[in-house]
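The values are calculated or read from the model by the stated rules, or taken from the named source; none is laboratory data. What you see is a predicted model; the values in this text were computed from it and never measured. Every residue, glycine as well, gets a Cβ built from its backbone with ideal geometry; the counts of neighbours run over all protein chains shown. Calculation scope for accessible area: heavy atoms of the full protein, side chains included, ligands and nucleic acids excluded. Shrake-Rupley method; radii C 1.70, N 1.55, O 1.52, S 1.80 Å.
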There are 2 protein chains.
Amino acid sequence: MISRNYRSLISKNSIKRYYLSVASDYFPNEPLKPEIISETYPGPINESKLSELAKSFDHRAAYFVADYYKSIGNYIADVDGNKLLDTYCQISSIPLGYNNPELLKACSSKEMQVALANRPALACFPSNDYESILKDGILAAAPRGLDKVWTALSGSDANETAYKAAFMYKAAKKRGNSKFTKEELESVMDNKSPGAPAASILSFDKGFHGRLFGSLSTTRSKPIHKLDIPQFPWPRAPFPSLKYPLEQYSIENQKEEERCLELTEALIKEWPDSIAAIIVEPIQAEGGDNHASPYFYQGLRKLTKAYEILLIVDEVQTGVGASGKFWCHEHLFDPNDPPDIVTFSKKFQAAGFYYKLPELQPDQPFRQFNTWCGDPSKAIIAKTIYNEIIKKNLLHSTKKTGDYIFNNLETLFNGKFFQIVKNLRGKNRGTLIAFDFNTAKERDGFLLECRKNGVNIGGCGDTAVRLRPSLVFEKRHADILLNIVEESLSKLY
Amino acid sequence: MISRNYRSLISKNSIKRYYLSVASDYFPNEPLKPEIISETYPGPINESKLSELAKSFDHRAAYFVADYYKSIGNYIADVDGNKLLDTYCQISSIPLGYNNPELLKACSSKEMQVALANRPALACFPSNDYESILKDGILAAAPRGLDKVWTALSGSDANETAYKAAFMYKAAKKRGNSKFTKEELESVMDNKSPGAPAASILSFDKGFHGRLFGSLSTTRSKPIHKLDIPQFPWPRAPFPSLKYPLEQYSIENQKEEERCLELTEALIKEWPDSIAAIIVEPIQAEGGDNHASPYFYQGLRKLTKAYEILLIVDEVQTGVGASGKFWCHEHLFDPNDPPDIVTFSKKFQAAGFYYKLPELQPDQPFRQFNTWCGDPSKAIIAKTIYNEIIKKNLLHSTKKTGDYIFNNLETLFNGKFFQIVKNLRGKNRGTLIAFDFNTAKERDGFLLECRKNGVNIGGCGDTAVRLRPSLVFEKRHADILLNIVEESLSKLY
C-alpha cells in the first residue's frame, strides 16, 4: 500500500471516499501535501531570520523559523513558505493541529482576555471561575481515582511540585502529630538536616523528567542534559531494555523486567528511610522511546506499596491522547491500583499533577505555594482540548491511525531496510511509535532527508526516531508520512 | 492632610483639579472608593465558593475569591460584590490595573490568538515574530548593558535557568578549551562529581528566590518555605539589618553593611572554587522588605569582580517600574558597572534573565534548553506593558505617588502610632514602601482590619506590611489608602 506515490492518494475524492475526516472538518484549507518551494532547504529567509534572532537569543537549537500564521492543521509553515507535514508538533505539544478553529475561538473569548489581562495569584486570590474551568477540563480528564489537582507551569515545574508534595508527605508521616522541632526550624535555614532532609526521589536510567535542579537530578537521559550542573545524590535504577519484535523475545524480556524490578528493590533497601517517591514514564520518551510491559509497571506499583514509597507517573510527554487512551499509563496499570501521582504538561498546555491522598496536600497552607500556582489561561486551553478530544472521538481515531502507521512501518522495515532500521516499537500505543537507526549520524541524516522531502520528524535518545503527530493526524497524512519515510530511506540506502 | 476623610476628597472635580490622571483615562468607570457591601466580611458567597474549590484544589492560602470580570483599575472585586482598593496586586504582579483596556486589546489580538493556539517550542521552532516581540518589549526594557535575554516561565524558573547559565559558564572557564572527560560524562549520569560538580550559589539571609529545588536552596526567608525539602548545601551570607530612620543611623548602618561585606568575603574564601554566582535582591521583598544602600551593592559588585564570581540581581518582585525606575537595581549600582545577570517575572508576566557576556550562552545548543523556553503570549503582554509604561510616563507618576505616600505615612507614624508602627522604609523607591509592627499577630490584625475597611494590603517577613500597588495608583488612591491605614490603626489602638 505504501509503495503507491502519495501524490496519487490525496485527491479530495479519495479523502471523501475513505474517511470521515475530523481534520477536514477543522481545516478545510489544510494543504493536501507538503510544499517545499525554497530553492535550497533550509531557505534563505530562514538563515537571515536566525542570524537576526542570534543577536539576543540562543538560536542554535533551531530546526527552522516557523510561520505560525500560515501553519494549518498538520502542516507547519516556515518563513520561506515551505509547508511541512509535522509529526514532531513542538516536541509533542500540539494536540489539535495548528490554528485549530476551536482553540482559536477559545483564545479569543472574553474568558481568555480576562484570564490573561488579570493573571491571578491563584492560591491567594483564586478566580471565581477557576473551580469550574478545572472541573470541566483538567479534572474531567483526571486519571481514574485521582480526583485532586495542583497546577503548575511546565513539565519540570509539575514534577518538582509533585516531588515537594512527596517529601512533605513523607516527613509528616514520620513526624506523626508532633510539631516542627527547634532543630528542624534552625537547620533548614542552613539547608541542613534534619530540617532539609537527605531524602530522595528514585528514577530510572534513561528517564527524563525535566531540567530544573530537582527534576534534572532525576533525569538520566544524556550527559549533555546534565553536565556541569550540581545535582542531588539520588538513586538510579535500571530500566528494562527490551528486545524487538516483542513476540519473539517474550521470555528474555520478562527476565529483563524481573531483573530491573529486583535491582530496584535492592536499591530501595540500600537507601533505607530515604526514598520519598519513585518516578517513571509510561514510555521513556526523551531517553529513546523505551517501553516496558504492564508486568513491570504493576511490579513497581507492588514494590512501592510494600515499602510505603509513593509512585509518580510522569505523563508530560505521553499524556493527552496520543497513546490512544487519554493517559498512557492506563495501558499499563491495573485500573483499581493506579499510581499515587500523575504529572502532565505539553499537549495539555496547562501543567500540574493529579493525586488522590488528601495528605499530599501539606498540613499547612503556603508550603506548596508560589505566586501564580498555575495559569487560568492555560487551564482554559486545556478545557478546550479535553472537550474537543471527547467530542470528536480523537482517542479512537488516534488509535486507528497509530495502528495503520505501525503495521505499514512493520512491513516496510521487514523488507529491504531490514539492516538499516530496527526495533520498531509502540504497537497498540496510538501514534507513540519509534524505531532505531544503527548510529546517531544515520538517524540525523534520515531526519534531515525527511525534512527536505517535506516531513518534520523528531529524534530521541541516541539513535531513535519518534513520531509525535497531533491527534488529528489521519490515514491520509499517514500515507504521506509512510511514502516519504520510504523515499528518504531509498535515497539514503 | 490625611486626616481629611477620603469621602470628601474624591469628587470628580477634585480629581480633575489636581491631576492629569492616567487611571481616569484607562478606567473612566473605576470606583471612586472601596465598596464593602456584604453584611459579613468575608461574605457568604466567598465561603461557599472556597468550600467548593477545596474539594479538588488547595484553597487554604486564599484571602478571598475574586471576580476578575468586575475588577477594574486599582479595585479588585470579590464574589460577594465587595470592591477593595488593591495595594497587593496579585503579590506584586499586576502592573497596569485590572482589565486595563490596552492589555485587553493586546489579549484579544490576532497575534495573541496565534501565539496561544500554536504555542511554539521556541528554541527548536522559533516563531517568525519572536525576535520583534522581544525587541519591542522585553529587550527594549533591558537594563543598561545587558542586551541578551533567555526567556522562562516564572521567577523560580528565571532564577534557576540563570543559575544553570552561571554553573556552565564557571565549568567552561575552568575546563578551557578541553572537551568533557570520560569521567565527567560517566559521573554526571550518577549525579556525581566531577560531571555534576559541588558548585554553589551564594545567597543572603532573608533572601527569597523561588521555591523549586535550586531556587529554594537560595531562599532563606522563612522555615515554612523550606521545611522537609532536600536542598543543596550552599553558603548563606548575612544581609544588612538597617536601622530607621536612615538619617539618624547612618554611621551604624554603614558599619553594618561593612560587616556584611566582610563576612561575605570571608565566606567566598571559605568556599574556594565553589561559588559560581551570588544572587541578591535590590530589596529583599518576601523576607521583609529589607533594604541596603548603594554602598553595599557596589561593594558586592567589587567583591564578585575580584573573585571572578557572577553577580545575579533578582528583580522578580522589584522590577518593572514600581521603584520609580524601570529596574530597582538602577537606584543602587554604578550604571557603568551593572550586574552580570538580571532576572525578571511577576509584573512583566513574561519571565527570564538578561545578560551581557556571550559566554553565558553555553558552548553547545541543547544545554540551556527545555520544551518551551518561554511563552510568546507572555512576551506579547510584556511588550504591551513596557510600551504603556513609557507612553504614559508611569515611572514618573509612580515616583510621585510613592513620595506622597511615604511622606504622609512618615507624618502619621511619627505621630500617635509611634509605639505601634516602626521602620518605615522605601524612601525614594517609588511605591515599594514597607513598615513593621511589633508582632506578626499585630501585623495580621492590621491587614484584616484594612481589608474590612476596603483596602487589600499584603504582608511580608515576620512583622512587615508591604505596599505593592499597580503603576496606575495615583494620589487619589493614595489618599484613600492613607485614610484607611489611619482609621484601621485608630480602631485597633
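Things worth noting here:
- Within segment B:408-446, if we keep just the residues that are in contact with a Lys or Arg (Cβ under 9 Å, 6 or more places away or on another chain) and part of a helix (DSSP H, G or I), the residue that is most open to solvent (accessible area, probe 1.4 Å) turns out to be B:Glu410.
- Flag for A:Lys164 being assigned by the TED database to the domain that holds A:Gly319, among the charged types (D, E, K, R), in a helix (DSSP H, G or I) and open to solvent by less than 10 Å² (accessible area, probe 1.4 Å): yes
- Filtered by the rule that a residue be in a loop (DSSP other than H, G, I, E, B) and hydrophobic (A, V, I, L, M, F, W, C), segment A:447-473 gives A:Ile457, A:Leu467, A:Leu471, A:Val472, A:Phe473.
- Restricting attention to segment A:25-65 and to residues that are under 19 Å from A:Ile484 (Cβ atoms) and at the interface with chain B (Cβ under 9 Å from one of its Cβ atoms), the residue that is surrounded by the fewest Cβ atoms within 10 Å (Cβ to Cβ) turns out to be A:Tyr63.
- Residue within segment A:245-257 that is among the polar types (S, T, N, Q) and without any contact (Cβ under 8 Å) to a residue 12 or more places away in the chain present: yes
- Single residue of A:Lys222, A:Lys206, A:Lys243, A:Lys255 found to be crowded, with 22+ Cβ neighbours inside 10 Å and more than 8 Å from every other protein chain (Cβ to nearest Cβ): A:Lys206
- Residue list for segment A:131-149, filter: at the interface with chain B (Cβ under 9 Å from one of its Cβ atoms), open to solvent by 10 Å² or more (accessible area, probe 1.4 Å) and touching a residue at least 40 places away in the same chain (Cβ under 8 Å): A:Ala142, A:Asp147, A:Lys148
- Of the criteria (1) in the same structural domain as A:Gln349 (by the TED database); (2) surrounded by 23 or more Cβ atoms within 10 Å (Cβ to Cβ), which one A:Tyr98 fails: (1)
- The condition of being in contact with a helix residue (DSSP H, G or I) (Cβ under 9 Å, 6 or more places away or on another chain) and within 14 Å of another protein chain (Cβ to nearest Cβ) does not hold for B:Pro358.
- Taken together, the criteria exclude A:Tyr169 from residues that are surrounded by 19 or more Cβ atoms within 10 Å (Cβ to Cβ), modelled with pLDDT of 95 or more, at the interface with chain B (Cβ under 8 Å from one of its Cβ atoms) and in contact with a helix residue (DSSP H, G or I) (Cβ under 9 Å, 6 or more places away or on another chain).
- Among the residues of segment A:181-191, those identified as touching a Pro at 6+ places or on another chain (Cβ under 7 Å) and either open to solvent by 70 Å² or more (accessible area, probe 1.4 Å) or farther than 15 Å from B:Thr218 by Cβ (or both) are A:Glu183, A:Glu184, A:Leu185, A:Ser187.
- Residue selection: B:Asp375 satisfies the criterion of being assigned by the TED database to the domain that holds B:Ala162, in contact (Cβ under 8 Å) with a residue 40 or more places away in the chain, in contact with a Leu (Cβ under 8 Å, 6 or more places away or on another chain) and charged (D, E, K, R).
- Looking across segment B:78-100, the residues that are within 9 Å of chain A (Cβ to nearest Cβ) and farther than 19 Å from B:Lys346 by Cβ come down to B:Asp78, B:Val79.
- Check on A:Ser215, modelled with pLDDT of 95 or more, assigned by the TED database to the domain that holds A:Gly155, in contact with a Phe, Trp or Tyr (Cβ under 7 Å, 6 or more places away or on another chain) and open to solvent by less than 40 Å² (accessible area, probe 1.4 Å): no
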